[in-house]
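For reference, the structure discussed in these notes is given below.
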Amino acid sequence: MSDLQVRGPLFGGTGTPSPFTANITGAQRVADAEARFTDAALGGRLFSGGMTLTSISNATFSTGTLGATATPIVGVWNPNNSGKNLVILQVRIAPVNTALQTTGAGALMWASSIGNGSISTGNAPFNRGTGVASGSVAKDMSGVALTGLTNNLVVRDALAAGSGVISNLSTLQTAAGLFPPMVASLENVDGGIIVPPGGILAVLCTTNPPVAISAASSILWEELPILP
């Protein structure tokens, strides 16, 4: 075994053979080879989308609107015939109340739809490996109406992120009754949701509509080929 093991890290191209590696004591290296998303980013498979701080005080951002005028707080569309699955990794929500009198957005929900080939809106996702908005098969639908939607969204599951806007109470912020702080939050989906070709995934609020609430958002995914 010792003649197949080399002290220190080895770097090489894809497909080249590599022996086991050891640290300077000769013990086999068991540390992570790289950071969590490095391989996907360097391989051109890691993308993100989202919206800057935007008012969500409209019924189109809520589960009360599930048709073509629905506007995801954060979302993504995988066109038909893309040949790839979108493997969802993370979602971030950063809520902000914008007035003394405000009504919370309620619980945030995942909603989805399949069989959609005619969406005419959407933005180019950000390539986490190259630093430019190109290379993705998908469209970032965050803050964008689902114009051309074929099949209405269906509410699927609760989102843990965004807990700072769960309250749907109407609150007046005064010196004697300050509004609770709104805190940005992260949900690690870790591939637990796959968006197939023709699929749309969206996050919507449940207060219809919230009042004086804005949010910034982000979604991170990896694009993998569909193998036979």
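Is there any pair linking a residue in the stretch 22-43 that is exposed (fewer than 14 other Cβ atoms within 10 Å of the Cβ) and modelled with pLDDT of 65 or more to one that is among the hydrophobic types (A, V, I, L, M, F, W, C) and outside any loop (DSSP other than H, G, I, E, B), with Cβ under 8 Å and at least six apart or on different chains, and which?
Q28/F20; Q28/A22
Quick check on this structure: which one of I226, I200, I219, I193 is surrounded by fewer than 20 Cβ atoms within 10 Å (Cβ to Cβ) and at pLDDT 95 or above?
I193
For the stretch 188-225, which positions are in a loop (DSSP other than H, G, I, E, B) and either out of contact with any Pro (no Cβ under 8 Å at 6 or more places or on another chain) or not assigned by TED's automatic domain parsing to the domain that holds G44 (or both)?
If the condition is that a residue be in a loop (DSSP other than H, G, I, E, B) and either out of contact with any Pro (no Cβ under 8 Å at 6 or more places or on another chain) or not assigned by TED's automatic domain parsing to the domain that holds G44 (or both), then P196, G199, T206, T207, N208, P209, P210, A212 are the ones that fit.
In the stretch 52-94, how many residues are in a loop (DSSP other than H, G, I, E, B) and of a type outside the set (S, T, N, Q)?
Matching residues across the stretch 52-94 total 10.
For the stretch 91-147, how many residues are on the phi < 0 side of the Ramachandran plot, surrounded by fewer than 18 Cβ atoms within 10 Å (Cβ to Cβ) and either out of contact with any strand residue (DSSP E or B) (no Cβ under 9 Å at 6 or more places or on another chain) or outside the structural domain of S48 (by TED's automatic domain parsing) (or both)?
5
The values are calculated or read from the model by the stated rules, or taken from the named source; none is laboratory data. The shown structure was predicted, so the numbers you read here are calculated from the model rather than taken from an experiment. Don't worry about glycine lacking a Cβ; one is built from the backbone with ideal geometry, like all the others, and counts go over all protein chains shown.
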